[in-house]
Structure formats: C-alpha cells, structure tokens
Amino acid sequence: MTSYKQTWLNSVITAKCPRCREGRMFPAGTLYSRQFSDMHSHCSCCGQSFEPEPGYYYGAMFVSYAFSTAIFLAVIFGLSFLVKEVTTTMVAVTILVIVVGLLPITFRLSRALWINIFIHYEGPCQLIVKK
C-alpha cells in the first residue's frame with residue numbers, strides 16, 4: 001500500500017493496477033530477466049483481472065510501435081548532432097541496440113498504458129469492492 005495518492009501517469013510508469021493503483025502488474029525483480037513478460041493474472045489487492053478478455057493487449061502493440069518510432073526519431077536526431085556524417089549502418093546498429101535494450105521497458109509501459117486507458121481508478125484498495 002502506498003502512503004500517497006498515485007496519479008494516473010505514475011500508475012502507468014510504475015505498472016500498478018489501474019483500478020486501485022496499489023497492486024503490481026508484473027512480479028518484482030523480473031524487468032531484465034527472461035521473465036520480463038510474465039504478468040500477474042489479477043491484482044493482489046483489489047482482484048482486478050489484468051487480462052480482461054483474450055487478446056486484450058493486441059492494441060498495446062500499437063502503443064509499443066509509437067514508443068519505438070519515438071526512439072527511432074530520437075536516435076536519428078541525436079546522431080545528426082553528435083556525428084558529422086551519419087551512415088545507414090550507424091543508424092541501424094544504434095537503433096537495434098537501443099530498441100533491444102529498452103524492450104522490457106517498452107513492453108511493460110505499453111501494456112500498463114493500454115490497460116490504464118480502459119480501466120479507471122475507483123479508489124484505494126480498502127475502500128473498493130474486491131472482484
């Protein structure tokens with residue numbers, strides 16, 4: 001349980017339950033491990049299902065695509081300021097390294113953002129009805 005009221009954005013960034021903003025969506029300590037995509041099935045606090053229907057996170061792929069596009073643009077602009085002559089190979093390798101390095105983060109952020117768009121905050125866990 002948190003000692004302060006989390007905002008919507010903080011709930012997305014920390015991957016907390018959108019309904020109570022207290023339970024974790026992903027197991028602790030698995031961000032940069034082989035289990036980075038493992039997700040709890042329900043909130044440990046309020047019981048909210050983290051997969052309300054089959055195929056729920058297909059839309060999160062578009063969010064992930066937007067994050068990747070932003071990374072691509074940032075890399076291209078960053079390289080153009082840092083390097084005198086930007087080559088296609090340099091851009092491709094830099095983007096590949098950064099996107100693969102940030103894959104667990106973009107995966108979790110896109111899922112957390114997607115579920116927070118559709119499931120709204122109802123209040124602290126102890127004040128809402130468990131599902």
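Computed over the chain, the range of Cα coordinates on each principal axis works out to 60, 30, 26 Å, biggest value leading.
Working note: Karplus 6.51/-1.76/1.60 with θ = phi - 60° gives segment 83-89 the couplings 10, 5, 10, 8, 9, 4, 4 Hz, where Gly and Pro are set to x. Among the protein heavy atoms, those of residue 76 account for about 80 Å² of accessible surface (1.4 Å probe, every chain in place). Each of residue 32 and residue 81 was given a label point 7 Å from its Cα along the Cα-to-Cβ line. The distance between the two points is 2.5 nm. With an 8 Å Cα cut-off and a minimum separation of 6 or more residues, compute the relative contact order for the chain in percent. In percent, rounded to a whole number, it is 36. Sorting 44, 110 on solvent-accessible area from highest to lowest, probe radius 1.4 Å, gives 44, 110. Annotation: segment 78-119 has a Kirkwood hydrodynamic radius of 12.3 angstrom, from the mean reciprocal C-alpha pair distance. Distance from the alpha carbon centroid of segment 21-85 to that of segment 104-125 works out to 10 angstrom.
Would you mind getting me the FRET efficiency between residue 99 and residue 14? Use the beta-carbon distance for r and R0 = 25 Å, nearest 0.05. Plugging the Cβ-Cβ distance into 1/(1 + (r/R0)^6) gives 0.65.
Each residue of segment 8-24 was assigned a 3J(HN,Hα) from its phi angle through the Karplus expression (A = 6.51, B = -1.76, C = 1.60, θ = phi - 60°), giving 4, 5, 5, 5, 5, 5, 8, 6, 9, 4, x, 7, 10, 6, 10, x, 7 Hz with x at Gly and Pro. Each Lys or Arg adds one and each Asp or Glu subtracts one; over the other residues with Cβ under 14 Å from the Cβ of residue 30, this totals +3.
Rounded to whole numbers, the Karplus 3J(HN,Hα) couplings from phi for segment 58-64 are 4, x, 5, 5, 5, 5, 4 Hz, using 6.51 cos²θ - 1.76 cosθ + 1.60 with θ = phi - 60°, and x at Gly and Pro. In the assembled protein chains, residue 91 presents an accessible area of approximately 30 Å² (probe radius 1.4 Å).
The values are calculated or read from the model by the stated rules, or taken from the named source; none is laboratory data. Note that the structure is a prediction, hence the values are computed from the model and not measured. Note: ideal-geometry Cβ built from the backbone for every residue, glycine included; neighbour counts use all protein chains shown. Ligands, DNA and RNA are stripped out before the accessible areas are found, and what is left, the full protein with its side chains, is counted by its heavy atoms. Shrake-Rupley method; radii C 1.70, N 1.55, O 1.52, S 1.80 Å.
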